[in-house]
Amino acid sequence: MLAVIEGFSVVWLVILVGWFVGRRKILGENAQLVLSRLSFFVASPALLVETLGRAELATVFSEPLLVAALSAVITGGAFMIIVKFLLKRSLAESLLAAMSSSTANAANLGIPIAAYVLGDAALIAPVLVFQLAFYTPFYLLLLDSLTSGHRATPGRVVLQIFRNPMIVGTVVGLVLAATGWRLPNLVAEPIHLIGGAAIPAILIAFGMSLGASKPLAASDGRRTDILLATGFKLVIHPCVAFLLAYFALGMSGPALFAVVVAAALPAAQNVYVTAQRYQVGVTVAKDTVLVTTVLAIPAMFAVAFLLG
């Protein structure tokens, strides 16, 4: 568990740098938005091409992928219903809230946790592939349709796919993984360098946002949404994963522990980047990422204790 704490510490230190830069206004007034857009339009697509292009699809498309997919869909769908019909939020904001409650930080936290706690970094690959290749693109398509003001016809959906760099990066990465093709070094090296900027840009932009407002501020009017999203992400999501894995698929031992730990990861920072991109649900995304990242370590200790 010391490795888990170390992984979280690295993330928090980068976020702290972003907070300091934002408080001092070192990069100017619009730096947070620029960094978010840099990550969404440039760095993250490159990271997707590199990450998915190396994935072993034969081992990814197995029972852990089914647990990751169903647990995320059930958790996000249930929370979306609550936000939409009980809290009376807009459909676009409800979608962002659903993402916040069910999208795990599988990259910059999931990979080190899988390596040091579960003993194999490949165990996080099903969550990564599902979220990057299917779950996040699905939300992006819906948000594109809702925020563009146009009806989602088949032609517009295809156009949105090719206009959205995150989805394009996902498709290219999956094609590379499925065919076994490897990009020439002249192309692969720039993609590697650009993709390396994605996570630092996300974390620094996120840290800068913390200086602009206090988390769980009553004036934002979204405290209930944030607390419920946190509960769904750290409690409901891993519970659903356990029920599906244990009772529906008969998983046990290390395999069961791995899928539950993956579900107990905090909300992913790219949810905040998505909220910034579409300018909807920003407060809920930002604060849910913050609170779940703080509480994720005790949540994982609880999973280890209960399943140990």
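The values are calculated or read from the model by the stated rules, or taken from the named source; none is laboratory data. Quantities reported herein were computed from a predicted structural model and do not represent experimental measurements. Positions of Cβ are backbone-derived with ideal geometry, glycine not excepted, and every protein chain shown enters the neighbour counts.
Among T103, T75, which is modelled with pLDDT of 95 or more and closer than 30 Å to A188 by Cα?
T103
Please go through the range 247-271 and pick out each residue that is farther than 22 Å from P298 by Cβ and in a helix (DSSP H, G or I).
Matches in the range 247-271: F247, A248, G253, A255, N270.
Given the residues A299, A285, A263, A258, which is the only one that is touching a strand residue (DSSP E or B) at 6+ places or on another chain (Cβ under 9 Å), touching a residue at least 60 places away in the same chain (Cβ under 8 Å) and more than 12 Å from S100 (Cα to Cα)?
Only one candidate passes the filter, namely A263.
Given F232, F257, F206, F247, which one is closer than 18 Å to A107 by Cα and among the aromatic types (F, W, Y)?
F206
Considering L176, L216, L228, which residue is surrounded by 14 or more Cβ atoms within 10 Å (Cβ to Cβ) and touching an Asp or Glu at 6+ places or on another chain (Cβ under 8 Å)?
Testing whether each residue is surrounded by 14 or more Cβ atoms within 10 Å (Cβ to Cβ) and touching an Asp or Glu at 6+ places or on another chain (Cβ under 8 Å) leaves just L216.
Quick one: how many residues across the range 192-209 are buried (at least 19 other Cβ atoms within 10 Å of the Cβ) and either farther than 30 Å from V168 by Cβ or in contact with an Asp or Glu (Cβ under 8 Å, 6 or more places away or on another chain) (or both)?
Residues flagged as buried (at least 19 other Cβ atoms within 10 Å of the Cβ) and either farther than 30 Å from V168 by Cβ or in contact with an Asp or Glu (Cβ under 8 Å, 6 or more places away or on another chain) (or both) within the range 192-209 amount to 1.
Suppose we filter the range 39-65 for residues that are among the acidic types (D, E) and either touching a strand residue (DSSP E or B) at 6+ places or on another chain (Cβ under 9 Å) or not in a helix (DSSP H, G or I) (or both); how many remain?
Total meeting the criteria: 1.
Would you please name the residue that is surrounded by the most Cβ atoms within 10 Å (Cβ to Cβ), looking only at residues in the range 267-308 that are polar (S, T, N, Q) and farther than 22 Å from A43 by Cβ?
Checking each candidate, the answer is T288.
Can you name every residue in the range 216-245 that is closer than 14 Å to T75 by Cα and among the charged types (D, E, K, R)? Reasoning before the result, please.
Residues of the range 216-245 that are closer than 14 Å to T75 by Cα, as a first pass: 228-244.
Within the range 216-245, just K233 meets the criteria.
Give the range 83-106 a look and list any residue that's crowded, with 23+ Cβ neighbours inside 10 Å and not in a helix (DSSP H, G or I), or say none.
Those that are crowded, with 23+ Cβ neighbours inside 10 Å and not in a helix (DSSP H, G or I): T103, A104, N105, A106.
Please verify whether T75 is of a type in the set (V, I, T), buried (at least 20 other Cβ atoms within 10 Å of the Cβ) and either under 28 Å from V168 (Cβ atoms) or out of contact with any strand residue (DSSP E or B) (no Cβ under 9 Å at 6 or more places or on another chain) (or both), treating the condition exactly as stated.
yes
Looking at (1) hydrophobic (A, V, I, L, M, F, W, C); (2) surrounded by fewer than 22 Cβ atoms within 10 Å (Cβ to Cβ); (3) at pLDDT 90 or above; (4) part of a helix (DSSP H, G or I), which one does V10 not meet, given that it meets all the others?
Of the numbered conditions (1) hydrophobic (A, V, I, L, M, F, W, C); (2) surrounded by fewer than 22 Cβ atoms within 10 Å (Cβ to Cβ); (3) at pLDDT 90 or above; (4) part of a helix (DSSP H, G or I), the odd one out for V10 is (3).
Could you list, in sequence order, the residues of the range 158-186 that are farther than 27 Å from Q269 by Cα and out of contact with any Leu (no Cβ under 8 Å at 6 or more places or on another chain)?
T179, G180, W181, P184, N185, L186
Out of all the residues in the range 253-276, which are among the hydrophobic types (A, V, I, L, M, F, W, C) and within 23 Å of S94 (Cα to Cα)?
Hits for the range 253-276 are A263, A264, L265, A267, A268, V271, V273, A275.
Looking at the range 32-51, which of its residues are surrounded by fewer than 18 Cβ atoms within 10 Å (Cβ to Cβ) and hydrophobic (A, V, I, L, M, F, W, C)?
Just the residues of the range 32-51 that are surrounded by fewer than 18 Cβ atoms within 10 Å (Cβ to Cβ), to begin with: 33-34, 37, 41-42.
Selection gives L33, V34, F41, V42.
Please enumerate the residues belonging to the range 5-49 that are more than 17 Å from the chain's Cα centre (by Cα) and of a type outside the set (A, V, I, L, M, F, W, C).
E6, S9, G18, G22, R23, R24, K25, G28, E29, N30, Q32
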